[in-house]
Structures are given as C-alpha cells and as structure tokens.
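Participant: The structure under discussion is supplied below as structure tokens; questions concerning it will follow.
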Amino acid sequence: MNYYDVVVAGGGHAGIEAALATSRMGLKTAMVTLKKETIGKMSCNPAIGGLAKGHLVREIDALGGEMGKIIDATGIHFKILNQSKGPAVWSPRAQADRLAYMHDAQHRIFTQENLDVIAGSVTGVESENGAVKAAQLSDGRIIPCRSIILTCGTFLNGCIHVGLNNMASGRAGEEAAKGLTENLIDLGFKTGRLKTGTPPRIHIDSIDFDLVEAQLPDDPPVPFSFQSGPIERRQMNCYITYTNQKTHEALLSGIDRSPMYSGIITGVGPRYCPSIEDKVVRFADKDRHQIFLEPEGFDNPEVYVNGFSTSLPADIQEKAIRTVDALRNAEILRLGYAVEYDFFPSYQINATLETKLVENLYFAGQICGTSGYEEAAAQGLMAGINAGLKQQGRAPLILDRSEAYIGVLIDDLINKTILEPYRMFTSRAEFRLLLRHDNADLRLMKKGFAVGLIPEVAYQSMLARKAETETLNKRIAKTVITPAQFNPLAEEKETSGISQNTPLTKLVKRPEITLRELLNCAPDFQDEHVDPNTVAEVEFTNKYAGFLDRQQALVDKFKEMEKTVIPDNLDYQNIASMSAESREKLTQIRPRNLGQAARISGVRQSDVTILMVYIEKGRRSGKGDVSRETG
Amino acid sequence: MKHLPDSHTIVALSTPLGSGAIAIIRLSGPDALDLINPLLSKSLGEDNIRLATFAEICEGPGGKTIDQVVVTWFQGPRSYTGEDIVEISCHCNTLIIDAIISALVRQGARIAEPGEFTLRAFLKGKIDLSQAEAVADIINARTRQSLHQSMRHLEGRLSERLKEISGEVLNYLSLLEINLDFSEEGIEVMPMAELSRRITRTAGQLQELLNTYDYGRYLQEGIQMTILGKPNVGKSSLLNQLLQKERAIVSEIPGTTRDYIEANLDIEGLAVKAVDTAGIRKTEDRIEAIGVERTLQQLDSADIALAVFEGNRELDGDDRALLQIIRDHRELCQFVVVLNKTDIARNVETEKTLQPLGIPLVALSAKSGEGIGALKKCIKESLIGEQSLESEEIVVTSARHKKALAQTIEALLHADQSLHEGASDEILAVDIRLAMDHLGEITGETTSEDVLNHIFGNFCIGK
Ligand SMILES: Nc1nc2c(ncn2[C@@H]2O[C@H](COP(=O)(O)OP(=O)(O)OP(=O)(O)O)[C@@H](O)[C@H]2O)c(=O)[nH]1
Ligand SMILES: [Mg+2]
C-alpha cells in the first residue's frame, strides 16, 4: 500500500484530533477505522465538557484542536457549570445532537487535505531497529509509515456484558479489534483490563414529562471554541427525575445475574461512574438516586438515561426503569451494558505520548487507561502534535502541570499508577486557580500557533485581548475612588462605605462588589465600553491577587525542581542507599527530571534527595572532580 | 507535595542538645549574612571573616536581646558547605536556642532537612566524589533515625492523634471538593457555618497539642530551676524544704552559700534540677563575688527561677537589684516570686511592691513548710499550664513538629477568615490543602488521589 507519514488507528475522539493535527501539520496521514460511518460517534453520554472536562475542551481548542468547534456546531443544550463558585472552577458543558456531532466530525475528516480514511483494523505494528516501520491490517494489507498513533478506545478485545450474556464487541453492535493486543505484548508491552458501562436509551415519547424537573440551558449559550461565533442552533431542555425504593428492589432482584457480582467481569471499573446496581448495593441507606434524562437531538427519539448505567439482564433493566414514576411506560430502545477492554498501563509512554519501547509509536485515549471523550481528544491532539513535531525535526510540545489541565492529565498518566479508568477532576490540578477555562487561550494559544494549528486571525485576536487586559490592569491600578463616588454603591450593596479616597484595586477585593460596578463609579470609566471578557479577566486577577500570588510562588518552586535533568543512562539499581521500592519505580518510569521523580507515587522524599546526589556524581565524574579544581 | 532541598538559606542546631554548656547553631546559604546581621549588636563583615566575634543577638531588628553569643562567619566557598556559613555559639538552653532559631526563621531562613548540610557540601564539591555513597547513606540514615524516633512512644502517639485530626481535615476538604468536582450530583453540601465550626475546632485541637511543646521538651530534657535572692532570705532553707532533706547548710549568717548547690526534685511529677545559689548583693568579698557571678550564669540556662524575698520585711537595695535582674530576664525565663518567712510577719508594703510585677507570687515559710504545696503547684503551672501529667499524655517534643503544627493552624485560621469574608470553595480549598500539606510533614503526605479515594469511598458519586 501507499506510504503514509502517520497512520492513526481509530476514528474516535482521540483519533479525530490526532489525524487532523498531523494532516494539518503537513504530514500525509491515514486514519484506519473499522467503519467510516462511525467516525466521531459518541458511544456513551451525548455530551461534551462538564466539570474539569470543559477545561480540557477549551485547552484543546486553544491549541488548535477540533472538539470545541464540533460541539459548538452541533450542541443543543449549553450550560456553564459551577457558576455559584469562583470563576476558576466554572466549566462549560453541552449536550450534543448525537448524529449531527458525528456527521459534522466526519465532514471535517473527509474534507481534510492530506488525510485519507481507510476502512480496516490495525492488528500489528511492524518495527525495525526499535522504530515503527509499518502498520499491519487484519486483512493482510501493510501500510508502510513513519509513525503510528493507536487510539483504539474500548475495542481491543472488547467484550460487552448484558446480564450473564456476553459477546466480543467494542461498542454495542460493533465488532471488537482482535490481535493488536497480542502483537503489542510480543513487542514487550504490558497490558491490563478495564471496564466501563453505559445506561439504557429510552424513547422520548415514553417519558411522562409532567413528572420530571426541567433543566434549562444557558441563554445565550456560551461557545467552547475561541474561534466560534454565536451559537445559532435551537436549544433543548434536559430533565431530572429520581429512582425510588421499588427501583432498588427491582435492581436487587436481578443482582445474582449481574456480570459484576457474579465475577464474570474482571476488569476494574471507574468508581466515579458506578452502575446503578452498585450505587444501590454500596449506599443502601440512600432512598433515591438522581437520573438525568438527556435528549440526543431533535430528530432522534433516543434519550440517554444518565445515572442509570447498568449491566443487569434485559428483563431487570426494563422492570427497574419502569418503577420510576415518570418512566413507568418507558420503552427501552437500547439496553445498558458493561464493556471490558484491554489497555496499556501508561507508565509505558513518555510525556509526548510516544511509547518507551517503540520509537514513533504513540498511544492516546482509552488505550492509556483514561475514560471520557475529552481526555481522549486531549491525548489524541498531543500525540498528533508531537508525532508531527518529531517528523519536522522540532522540539516536542510538553505542557506542565502549571500550564494546563492537559499537562496535569499527561503528567498523571506517566507518573501515577492507574488502577481504574482515569478521569479529569479539578482537584487533580494543584494550580487550579490559575487554570481557568476562559483563559485557556491566554495560556496556550501561542503554542498552538507555533505548532501551526491556530490561524493568524485567531492568534491576533487573542493578542489583542491580552493587550486590552494589560491596559485595563494598568489603568485600574492607578484609579482611586472617592467616598462620594463609592458610598451610594456601598449602601445599595449593604456593605461598609469608605471615609477617604480608596484605590479601586482594594475595593475590588470585596466579594460582594464586581469590577464593572466599580468602573461605573469611577468617572474615568463610567461611560466606557470595555469587553466583558476583559473585565472578567482583570476582575479575577485583582480579586484573588493574594491567592494567585501564592499559587504562583508554588509554581515557581515546582519549576525549579523541573530544572534538574536526570541523565538517561542513570542506573537506579546501583544506588544502594535508596529504598527498593523507589528504585523499582524510578527504573520503570525513568523520569526526565527531579520534579517528575518527586511526583511518582511510591518514591520517598529522602530518596529524591539521594537521587540528587547521584545526578551530581554523574555530572562531576563526567567533567572531572570539581572539588579538587575549586579547592 | 514532596520537596527538594533548594538553595534557600537554612538553619539548624549542629551540636546535640544537652551535650555541653555551649550550643552551636549553623546558618548556611547565600543570605546567611544578610539574615543575621540585623539581629546582631555587631555586624559581621569583611573585617571578621573566620574571627570569633562577641555580640548580642536579639529577637528581631531592634528587638529584645536573647543572649550573648560568639558568632563566626565562614565566607563561601571556603566553608563546610561551600556557601556562606555563620556559626552562632550560644548558651545551651533550649529556650535560647529556640529563640535564636525562630528569630532566624522569621528573618527568612528555613529549618534544614535531615542531612542537608552534608548534601550541600557534596553538591558544592566540598566532599570528594568517592564519598557520594557515604553522603547518600547519611541522608538515608538520618531519615531512618528520625523515622525510628517517631516510632517512639510519645511521638508515635502524637502522630496517631494527628492522623485522627488529619482524617477530619480530609473529611471536610472532601466535602469542599465534592462541591467543586461533583456539584451536579445532588450531594448535600455542608453549610458554611458548620465548616467554620469544624475548621476552628481542628485548629483548637492542634493548638492544644502545640501547647504541650514546652512540657514535651521538659519531659525530654528536664527542668532547670534556680533559687535566687539576697543573702539570708532562706534560699537554702527553701531547697531543703522542697527536697525534704538537709541538703544545703542553713545558718543565720548571710553569705552562707558560696557556690551553687544542685539537687534533683520531683515537683508534681516534673523532674526538676534545682540549684541553690549564693545570695546576690553588692560585695567586697572576692569569693562571694565569684559566687554572685556564677549565680547570674545559672540564670542563663534556667527554665524557671524562684526569686526569694523576705515577706516579713521591707525591701532594701539588694532586693531591688534582684528586681532589676528579674526585669532583665523575664522574657527568657519563668519567674515565681517567693515571700518567705511569713510565719514571722507579712509586710504589706513589700507585697504591694511585688504584686504589680505580674509574676506569680507565693507566700510561705521555708522553716515550717507552710505554703510549700502552693509553691509546687505554682511552679508546675508556670511551666506547663493546666496539663495533667499522666504518662499517656500526647506531647510535641520536636521543633520541626512544632513548626509544622503552627503552620497548619495558621493555614486553617486563614481559611476560616476567608470563609467569613465570603470566599468560595475553591479558595477555601487552597488553605485547607496547605494545612494538609503541613500536617503531612508529620503524618505523611496526603495527595489529591487520597482526597478522591476518600470521596469515592464515602459518598455516592457518579451518574
Ligand atoms: N522564721 C523563719 N526563718 C527562716 C525561714 N527561712 C529561713 N529562715 C532562717 O533564715 C536564716 C537564713 O537561712 P538560709 O536558708 O541559710 O538563707 P540563705 O538565703 O540560704 O542565705 P545565704 O546562703 O547566706 O545566702 C536561717 O537562720 C533560717 O533558719 C522562715 O521561713 N521562717
Ligand atoms: Mg544558703
């Protein structure tokens, strides 16, 4: 077959980002996927974003990825979550019109220059001298190539369970990918097994909408992409209802036929996404559980019963769901199921997502042990970018924990022992206050532009926004407000007035007062229109200045630790004074620098210090004995 | 978060406690000189490199004097660590050592990690390459040693108690995080008033532990008590009475005790080494003058001093000299004023003069023993407050733990303050996480993974 610079195996959310990134970077790319018609399919929840995940989507977008644009084009229910909290933890989320999303994604793939889609299944990686040489397909075809990005989702030896029945499948109704796991094991990779689940879909007309609570989308909807205009698509509501004791009894009556409880499933499932039967068993004292009814589009009768993930047999699923008042007539269109699949524990990849064992082979998405579209897309994008940069002979793009959630994600993957499908949470980001969804462009777009995935206009508009922010910052730093200007506002807001002229930057620290209100008090600004995003940015940095400074101090300390590079050839087994556990972990992960070494779970603090001694030893013996030179 | 040794200026006691009359504190790092000079009555500079220099050291720039010390500046790279080092030789008294180290920490120094001086010496090329393994061993050994120490009964119990407390902090941190990461799950949130109550309760519990620090140190090192007073006030009689033994010679001739006399006492369960001293007065007698000199030296290393006056008489010039000594030393040493000989009479004027000092005062008779019980109680309370002395009591004995506890409390109180100012959850979480980090220095690190584990283990999360 024809030669390709890059072969991307898989057409899910990781595969889409990877393939678009490499082809746009000018590399001849082939996406190999079982069926062209299922590219971009949302196999689980019909939504993009959510807490912490919304941050990931904004970052993907700022780097030049596609996910934000696709959802902006096809979303039917946009909402910024956590708005009662501070702006750092606001997070955008949107329900997608599932079919529209898929078609939109496919359109982008099919019309992309440099990108061919090949129907097939990659079952082998051919390597030569430790580097990728070609991709082998199940039908015997061979695609010679320089890099391979594996984004196989849950398809590797996928096995779907409904009750005690199971079958080889990667997603309801689709065949599993066989052979690739075995090929990778032959190449020396270690594998593990994970599990995830999905709830039943029911017909929209079988819901009694008088008995559910409606959740309204934000008006106007806020787009994900920094490059999107206003959202025009018609919006829909979502609905909430609850299980009850009868539901729980019905579920428990089938527990003996649960593949989980009967021990058929051995893969580890995510604890943050338990099945409904799990919730009922583990939290027996809870008398009800929340259910979100999420429509999948205007022309689509399917409704996703979020919160009701189950792998119980069909009769139990039906019986249980019909105990919910609003769902007493529910017609199940598709059953819930659990799926088990192979993954490759992520200590086997580097920060570029390239595998340690085979050069130019990259893993991205669920194959690394993550869950979620957004996590997958983020990895796909980074794998694509890094495969591209490497072929272009440029330095890799590695984001650190203080720059992006994507940095946190990949850093966790390579340093932590992943025991269950990994999902992003804001609490994983120690510099959470600095990583807002709405400053993702200020944090990352420059990098996306440098890679070549951000168009000039978008980049310029980000720079303009940045400049405007800086100007406003400087101006308000000089602004002083008089009691006469401020006290009427104070009275209205029931906060204490001032008796002498006070700097605006001081007043903005009061939680009950917004910057816009203060600007309205100051004659200099009163009638001036300033972009609300700019005001928000400046407000945040001033209101939380003390906390931001503290986080910044921690970031500086963290960066300092990242500076000491660990030589590639360091032999940890020779360091006798180091604990055996630390030695083993360090040998397995081979951290790039001391900071990373310190983050590896199981490595002791004192052993990090000892490591420092050995780095110095190596440095000095390479350069001669410094102690004698300086006396 | 694990920390790496950095290039920050570090400070630590470099001689073992209780190993001599002089203790040496070492300060190493680029800012050593800048940090210490504002505290010294005489600045160190180019003129006194490697020269032992007498100076007074004070608590802060322009603050109270802590001690008279000998300081020596070793300019880097010609020093043990290869950095600027200042060595401070002070009196070997834990209060003084603590006060000096605290003053330097306030100036910006950081307390050194185990083996850190040696590590720096190695990194700066001061220790031969062939010794790298030995350096690593030292770091390893010191850590093991401190591990071993923490297994000891007292500290073991401390860390057990702290684990309980950190469990509670983890509890409410998790509730905050649920509010942030799982706010759609409909899990009942904690009212802010309750969070505030829980934070302040934790801070209070930690403060109680912190309050045991002095007691813990006394348990480890014993208490030094000095009996002061002009001649013939009954100091020796008082020692004998406390000891229930005729240890010191008592006579009606002033100046009977010429050198100091030591005796080990048990006061309300505390091990006290009491020192009877020569009376303080202006004197022509050379031997007695030396005795007075030594009496004042004794005071430097004392944890508590009994200032004895004759309660049956008016104060005279010598008594007033003692009053001045009390005023000069009261920051570094606890005092108890003893009004002796009250079996004879009670002089109202004397009492009126001594009362306003704000120092606990006990009237007694060293001869009959009346009031001795009250004195013992008073001594114990001045030293360790209301603590009970059961052997099961949890105490803080190490300066490092003390510092970690103080920082934990500070972070918690800061969180509580932000809470009252209306800060939202992610802001509160910053300080509560910081508190967990500081607690973790004693009990072991709590990672974000632990927080998530706690959440998944205890709350019904997940759609
Ligand atoms: N009445 C009465 N006499 C006392 C009391 N305490 C001490 N004395 C007498 O006071 C005299 C001095 O007592 P010491 O105990 O030798 O006094 P000191 O303070 O040790 O004196 P120097 O060692 O000379 O400094 C002795 O004659 C004691 O008997 C007391 O409480 N009541
Ligand atoms: Mg005497």
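The values are calculated or read from the model by the stated rules, or taken from the named source; none is laboratory data. Keep in mind the model is a prediction, meaning the values are calculated, not measured. Quick reminder, even Gly has a Cβ in these numbers, built from the backbone with ideal geometry, and neighbours come from all protein chains shown. Side chains included, ligands, DNA and RNA excluded: accessible areas come from the protein's heavy atoms. Shrake-Rupley method; radii C 1.70, N 1.55, O 1.52, S 1.80 Å.
Participant: Regarding the range B:322-330, can at least one residue be identified that is open to solvent by 20 Å² or more (accessible area, probe 1.4 Å), outside any helix (DSSP H, G or I) and either under 25 Å from B:VAL250 (Cα atoms) or more than 14 Å from ligand 1 (Cβ to nearest atom) (or both)?
Facilitator: yes
Participant: What single numbered condition from (1) without any contact (Cβ under 8 Å) to a residue 60 or more places away in the chain; (2) at negative phi; (3) surrounded by fewer than 18 Cβ atoms within 10 Å (Cβ to Cβ); (4) away from ligand 1 (no atom under 16 Å from the Cβ) fails to hold for B:ARG161?
Facilitator: (1)
Participant: Scan (1) surrounded by fewer than 18 Cβ atoms within 10 Å (Cβ to Cβ); (2) more than 11 Å from ligand 1 (Cβ to nearest atom) for the single condition B:ARG258 breaks and write down its number.
Facilitator: Failing condition for B:ARG258: (2).
Participant: Of all residues in the range B:219-245, count the ones that are away from ligand 1 (no atom under 11 Å from the Cβ) and open to solvent by 20 Å² or more (accessible area, probe 1.4 Å).
Facilitator: 8
Participant: While we're here: Could we say that A:GLU403 is more than 16 Å from the chain's Cα centre (by Cα), at negative phi and among the acidic types (Asp, Glu) here?
Facilitator: Answer is no for this residue.
Participant: Could you run through the range A:31-89 and say how many residues are within 14 Å of chain B (Cβ to nearest Cβ) and basic (Lys, Arg)?
Facilitator: Residues that pass the stated criteria total 3.
Participant: Where in the range A:159-206 are there strands (runs of 3 or more DSSP E), lying wholly inside it, with at least 1 residues that are touching an Asp or Glu at 6+ places or on another chain (Cβ under 8 Å) and open to solvent by less than 30 Å² (accessible area, probe 1.4 Å)?
Facilitator: The strands (runs of 3 or more DSSP E) meeting that bar are A:159-162, A:192-198, A:201-203.
Participant: Right, next: Please verify whether the range A:108-121 includes one or more residues that are at pLDDT 95 or above, acidic (Asp, Glu) and part of a strand (DSSP E or B).
Facilitator: Checked against the condition, which is being at pLDDT 95 or above, acidic (Asp, Glu) and part of a strand (DSSP E or B), the range A:108-121 yields at least one hit.
Participant: To continue, here is another question. Working only within the range A:471-487, note down all residues that are open to solvent by 20 Å² or more (accessible area, probe 1.4 Å) and more than 24 Å from B:HIS420 (Cα to Cα).
Facilitator: Scanning the range A:471-487 gives A:THR471, A:ASN473, A:LYS474, A:ARG475, A:ALA477, A:LYS478, A:VAL480, A:THR482, A:PRO483, A:ALA484, A:GLN485.
Participant: While we're here: In the range A:514-631, which helices (runs of 4 or more DSSP H) lie fully inside it and hold 2 or more residues that are without any contact (Cβ under 8 Å) to a residue 40 or more places away in the chain and open to solvent by 60 Å² or more (accessible area, probe 1.4 Å)?
Facilitator: By residue number, A:515-521, A:545-562, A:580-589, A:605-623, A:626-630.
Participant: Mind listing whichever residues of the range A:253-277 are touching a helix residue (DSSP H, G or I) at 6+ places or on another chain (Cβ under 8 Å) and more than 13 Å from A:PRO421 (Cβ to Cβ)?
Facilitator: Hits for the range A:253-277 are A:SER253, A:GLY254, A:ILE255, A:ARG257, A:SER258, A:MET260, A:TYR261, A:SER262, A:ILE276, A:GLU277.
Participant: Then there is this: Taking the criterion of being surrounded by fewer than 19 Cβ atoms within 10 Å (Cβ to Cβ), farther than 21 Å from B:THR9 by Cβ and modelled with pLDDT under 65, would at least one residue in the range B:123-140 satisfy it?
Facilitator: no
Participant: Follow-up question, since we're still on this one. Can you list residue pairs whose Cβ atoms sit under 8 Å apart, with the first residue in the range A:32-60 being assigned by TED's automatic domain parsing to the domain that holds A:GLN379 and within 29 Å of A:GLY140 (Cα to Cα) and the second being of a type in the set (Asp, Glu) and at pLDDT 95 or above? Count only pairs 6 or more apart in sequence or on different chains.
Facilitator: A:GLY40/A:ASP104
Participant: Given the conditions (1) farther than 23 Å from B:ILE187 by Cβ; (2) surrounded by fewer than 22 Cβ atoms within 10 Å (Cβ to Cβ); (3) among the polar types (S, T, N, Q), and given that A:SER258 satisfies all but one, which numbered condition is not satisfied?
Facilitator: For A:SER258, the exception is condition (2).
Participant: Scan B:THR81, B:THR15, B:THR72 and give me the residue that is in a loop (DSSP other than H, G, I, E, B), touching a strand residue (DSSP E or B) at 6+ places or on another chain (Cβ under 8 Å) and over 30 Å from B:GLN334 (Cα atoms).
Facilitator: Every option except B:THR81 fails the conditions.
Participant: Right, here's the next one. Regarding A:LYS447, is this residue in contact (Cβ under 8 Å) with a residue 40 or more places away in the chain, open to solvent by 10 Å² or more (accessible area, probe 1.4 Å), part of a helix (DSSP H, G or I) and within 30 Å of A:LYS190 (Cβ to Cβ)?
Facilitator: When the stated conditions are applied, A:LYS447 does not pass them.
Participant: Right, next: Looking at B:ILE199, is it among the β-branched types (Val, Ile, Thr), in a helix (DSSP H, G or I), buried (at least 20 other Cβ atoms within 10 Å of the Cβ) and within 14 Å of chain A (Cβ to nearest Cβ)?
Facilitator: no
Participant: Do we have A:ASN487 as away from chain B (no Cβ under 14 Å), touching a strand residue (DSSP E or B) at 6+ places or on another chain (Cβ under 8 Å) and farther than 30 Å from B:GLU133 by Cα here?
Facilitator: So A:ASN487 fails the test.
Participant: Next up: Identify, please: which residue in the range A:405-430 is closer than 20 Å to B:LEU173 by Cα and of a type outside the set (Lys, Arg) and is, among those, most open to solvent (accessible area, probe 1.4 Å)?
Facilitator: Step by step, filter the range A:405-430, then rank; the result is A:GLU430.
Participant: Separate question: Search the range B:179-195 for residues that are within 11 Å of chain A (Cβ to nearest Cβ) and pair each with any residue that is of a type in the set (Ser, Thr, Tyr) when their beta-carbon atoms are under 6 Å apart and the residues are at least 6 apart or on different chains.
Facilitator: If the second residue must be of a type in the set (Ser, Thr, Tyr), the pairs left are B:LEU180/A:THR426; B:ASP181/A:THR426; B:ASP181/A:SER427.
Participant: What number of residues within the range A:19-66 satisfy the criterion of being open to solvent by 10 Å² or more (accessible area, probe 1.4 Å), over 22 Å from A:GLY307 (Cβ atoms) and over 15 Å from the mean Cα position of the chain (by Cα)?
Facilitator: Final tally of qualifying residues: 11.
Participant: Out of (1) farther than 18 Å from A:PRO221 by Cβ; (2) modelled with pLDDT under 95, the odd one out for A:GLN83 is which?
Facilitator: Result: A:GLN83 fails condition (1) only.
Participant: Can you name the condition, by its number, that A:GLY75 falls short on among (1) open to solvent by 20 Å² or more (accessible area, probe 1.4 Å); (2) in contact (Cβ under 8 Å) with a residue 40 or more places away in the chain?
Facilitator: Here A:GLY75 clears every test but (1).
Participant: Right, another one. In the range A:270-303, how many are more than 10 Å from every other protein chain (Cβ to nearest Cβ), part of a loop (DSSP other than H, G, I, E, B), open to solvent by less than 40 Å² (accessible area, probe 1.4 Å) and of a type outside the set (Asp, Glu)?
Facilitator: Number of matching residues: 2.
Participant: Within the range A:423-444, is there a residue that is in contact (Cβ under 8 Å) with a residue 12 or more places away in the chain and over 27 Å from A:ASP549 (Cβ atoms)?
Facilitator: Yes, because at least one residue in the range A:423-444 is in contact (Cβ under 8 Å) with a residue 12 or more places away in the chain and over 27 Å from A:ASP549 (Cβ atoms).
Participant: Here is a follow-up. Just to be sure before I move on: is A:GLN245 out of contact with any helix residue (DSSP H, G or I) (no Cβ under 6 Å at 6 or more places or on another chain) and open to solvent by less than 60 Å² (accessible area, probe 1.4 Å) in the structure I sent?
Facilitator: For A:GLN245, the condition - out of contact with any helix residue (DSSP H, G or I) (no Cβ under 6 Å at 6 or more places or on another chain) and open to solvent by less than 60 Å² (accessible area, probe 1.4 Å) - is not met.
Participant: Same structure, new question: Condition (residue is of a type outside the set (Phe, Trp, Tyr) and closer than 30 Å to B:LEU315 by Cα) applied to the range B:200-209: is it met by at least one residue?
Facilitator: No: zero hits.
Participant: Right, next: Run down B:ARG281, B:ARG294 and say which single residue is open to solvent by 20 Å² or more (accessible area, probe 1.4 Å), in contact with an Asp or Glu (Cβ under 6 Å, 6 or more places away or on another chain) and within 16 Å of ligand 2 (Cβ to nearest atom).
Facilitator: Criteria check complete, one pass: B:ARG281.
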